[in-house]
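For reference, the structure is listed below as structure tokens.
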Amino acid sequence: MGQRLLEAGERVLLIDPKERRYLISLGTGKQFHSHLGIVEHDQLIGAPEGSRVRTTGGSQLLVLRPTLAEYTLKMKRGAQVIYPKDVGLILVYADIFEGATVVEAGSGSGSLTLALARAVGEHGRVISYELREDHHERAVENVNAWYEGRGRKPTNVELRLGDVFDGIPEEVVDRIVLDMPEPWRAVGPSTEPLAGGGILCCYLPTVPQVVHTVEALRRDGFGFIDTLEGLVRTWNIDGQSVRPDHRMVAHTGFIITARKLAD
Ligand SMILES: C[S@@+](CC[C@H](N)C(=O)[O-])C[C@H]1O[C@@H](n2cnc3c(N)ncnc32)[C@H](O)[C@@H]1O
């Protein structure tokens, strides 16, 4: 199959010489305006990904389809999204596998939802709960926009407006992933449908939250309870200047995983 050229309706990133990124939705007859000048979308539609276009101000912009991580950092946010470094760890340590049925709460801005949906694939299912209507609507918008930008519909994602503490009607689920302030309150009734051996994963920013959650998991018969955090340090590689970057995203959150044991 040949290279898929950029089409109207797609979301693309325009990247300027200082590597500032702008997420735009391509449309016939539309224009992109920035301090560097104007670019006609028609210059981009039909071009191969990775092309460079010149603005009316004479600067060059590179056009690329965003990776999922780039998209989630650029999309509109209702709630704080999980950073890519932590999403990667959650997918592996919570063992999100192809074909799995995963329950998530809260949906927030839908960043983790998209990563879970990609990991479970078209034969899997992601059911995501969100308590706040404004966050739910934002998550729906962001999830749909990601798929629409690829000419598809999110067939394996169900975004539910509701409180996960009210319980999950599904009979059996393989994984539960909770990114919300009080996950210990979900341990018990809301984790009932988790299959024996299934994994519950919680993402939490502070130590007291971790302690509450681990205590609840121990009380409720979960085993193999592990807590970790991920530190990612990027490097500068430029001539003789080969060293870690001066700045890094240091603390974000702790990841707890636990396995449901039979009674
Ligand atoms: C930090 S945000 C989640 C961000 C999300 N993981 C993402 O990557 O975009 C936490 C969300 O949990 C929601 N929430 C809190 N308690 C909840 C509950 N009991 N049931 C469902 N959602 C809940 C909040 O409204 C908030 O939107």
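Note on region 226-247 and region 134-169: Cα centroid distance 34 Å, given to the nearest whole angstrom.
Pairs of Cα atoms nearer than 8 Å and 6+ residues apart set the relative contact order; for the chain it is 14 percent. Residue separation of Thr56 and Ile225 scaled by 0.36 nm, minus their Cα-Cα distance, works out to 55.1 nm of gained length.
Quick check for you: which residues of region 73-105 have the amide N under 18 Å from the point 7 Å beyond the Cα of Thr234 toward its beta carbon? Under 18 Å, as judged by backbone N against the label point of Thr234, lie 73-75, 81-89 of region 73-105. Is the shape of region 1-92 best called rounded, prolate or oblate, per the rule: a/c under 1.5 gives rounded, else a/b larger than b/c gives prolate, else oblate, with a ≥ b ≥ c the square roots of the Cα gyration tensor eigenvalues? Verdict is prolate for region 1-92. Excluding same-chain neighbours fewer than eight residues apart, the lysines reachable from Lys85 by a Cα-Cα span under 18 Å are Lys74. Between Lys18 and Leu73, the modelled labels are 1.7 nm apart [label points 7 Å from Cα along Cα→Cβ].
For the listed peptides 70-77, 135-142, 110-117, a ranking on the average number of other beta carbons within 10 Å per residue, highest first, reads 110-117, 135-142, 70-77. A Förster distance of 45 Å, applied to the separation of the beta-carbon atoms of Asp42 and Tyr93, puts the FRET efficiency at 0.50.
Please find the FRET efficiency linking Leu64 to Thr155, where r is the Cβ-Cβ separation and R0 is fixed at 22 Å, and quote it to the nearest 0.05. Computed FRET efficiency for Leu64 and Thr155: 0.25. Shape class of region 1-45 from the Cα gyration tensor (axes a ≥ b ≥ c, square roots of the eigenvalues): oblate, since a/c reaches 1.5 or more and a/b does not exceed b/c.
Do you know the relative contact order of region 11-64, to the nearest whole percent, from alpha carbon pairs under 8 angstrom that are 6+ apart? Numbers along the way, then the final one.
Values: 101 pairs, mean separation 19.4, N = 54.
The value is 36 percent.
Helix 111-120 and the longest principal axis of the C-alpha atoms of the chain enclose an angle of approximately 80°.
For region 1-121, what relative contact order do you get, as a whole percent, if you take Cα pairs closer than 8 Å and at least 6 residues apart? The value is 20 percent.
Read-outs: derived from the displayed coordinates by stated rules, not from any lab. Being a predicted model, the structure only gives us computed values, none of them experimental. Every residue, glycine among them, receives a Cβ derived from its backbone with ideal geometry; neighbour counts consider all protein chains shown.
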